[in-house]
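Rule-based calculations on the coordinates, nothing more; no lab input. These numbers come from a predicted model, not from an experiment. Using ideal geometry, Cβ is built from the backbone for each residue, glycine included, and neighbour counts are taken over all protein chains shown.
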Amino acid sequence: MHQPRIFKSHIKEDVVFGPGCTVVEPVNLYGCEIGEGTFIGPFTEIQKDVQIGSYTKVQSHTFICELVTIGSHCFIGHGVMFINDLFSHGGPARGDKSLWKSTRIGDHVSIGSNCTILPVEICDHVVIGAGAVVTKSITEPGVYAGNPAKKIRNHS
């Protein structure tokens, strides 16, 4: 009988932290850059080549895959899933990174709990309502909700 490989919280040496960051374990962080004063909640995975700006809060149970950039002063709610593989050939890319797409989130963006963010660009000053699925880039500030996410109003 083989012993299983058991993984606990893991923060690799290649993670770059700005000053004043807070990380609540357990987490899985590797090859990413975390800006000054940023908070990372428990049960979060942030993969390599991810950049997170200063004073952003990433709540628990969030998955941020490779090729995601998040600006400063953002809020990422609980259980938010970022996607970089659109199954463009009918199934998973199986490690073929040439099929992956990137995501860029601007500054002062709030993403509600349980959202799914496909490879898109989201401009500054956007609020995404809980449970929304963002399938297209957002180029105009405002409040967005639904599946697929649509603008429901301007900022108040």
For the residue pair Phe63 and Leu86, what label-to-label distance in nm results when each label sits 7 Å from Cα along the Cα-to-beta-carbon direction? 1.9 nm
With the dipole of the chain worked out from charges on the C-beta (+1 for Lys and Arg, -1 for Asp and Glu) around the Cα centre, which of Gly71, Pro92, Ser9 lies farthest toward the positive end? Pro92
Show the residues, 5+ positions off or on another chain, whose built amide H is closer than 5 Å to the amide H of Phe75. Lys57, Val109, Ser110, Ile111
Test of the criteria: in the stretch 18-77, which GluC sites (Glu not before Pro) are in a DSSP loop and have at most 16 other Cβ atoms within 10 angstrom of their Cβ? Glu36
So which chymotrypsin sites (Phe, Trp or Tyr not before Pro) in the stretch 19-127 end up in coil per DSSP with only 13 or fewer other C-beta atoms within 10 Å? Phe87
Express in nm, to one decimal, how much length is gained between His10 and Asp49 on full extension, taking 0.36 nm for each residue of separation and deducting their alpha carbon distance. 12.4 nm
What does the C-alpha gyration tensor say about the overall shape of the stretch 77-156? Classify as rounded when a/c is under 1.5, otherwise prolate if a/b is larger than b/c, or oblate. prolate
Going Cα to Cα from Lys12, which lysines come in below 16 Å? Please leave out same-chain ones fewer than 8 positions away. Lys48
Got the relative contact order for the stretch 29-106 handy, in percent, Cα pairs under 8 Å and 6 or more residues apart? 24 percent
Note on the chain: contact order normalised by length, alpha-carbon pairs under 8 Å, 6 or more apart, percent, works out to 12 percent
Please say if the chain is rounded, prolate or oblate, where rounded means a/c under 1.5 for a ≥ b ≥ c the square roots of the C-alpha gyration tensor eigenvalues, and otherwise the choice is prolate for a/b larger than b/c and oblate otherwise? oblate
Separation in nanometres of the label points that stand 7 Å from Cα toward Cβ, at Ser137 and Asn114: 3.0 nm
Let me know the shape class of the stretch 19-76, please: from the alpha-carbon gyration tensor, a ≥ b ≥ c as square roots of the eigenvalues, rounded when a/c is under 1.5, otherwise prolate if a/b is greater than b/c, or oblate. rounded
Mind checking the dipole of the stretch 1-136: about its Cα centre, +1 per Lys or Arg Cβ, -1 per Asp or Glu Cβ, Debye to the nearest 20? 360 debye
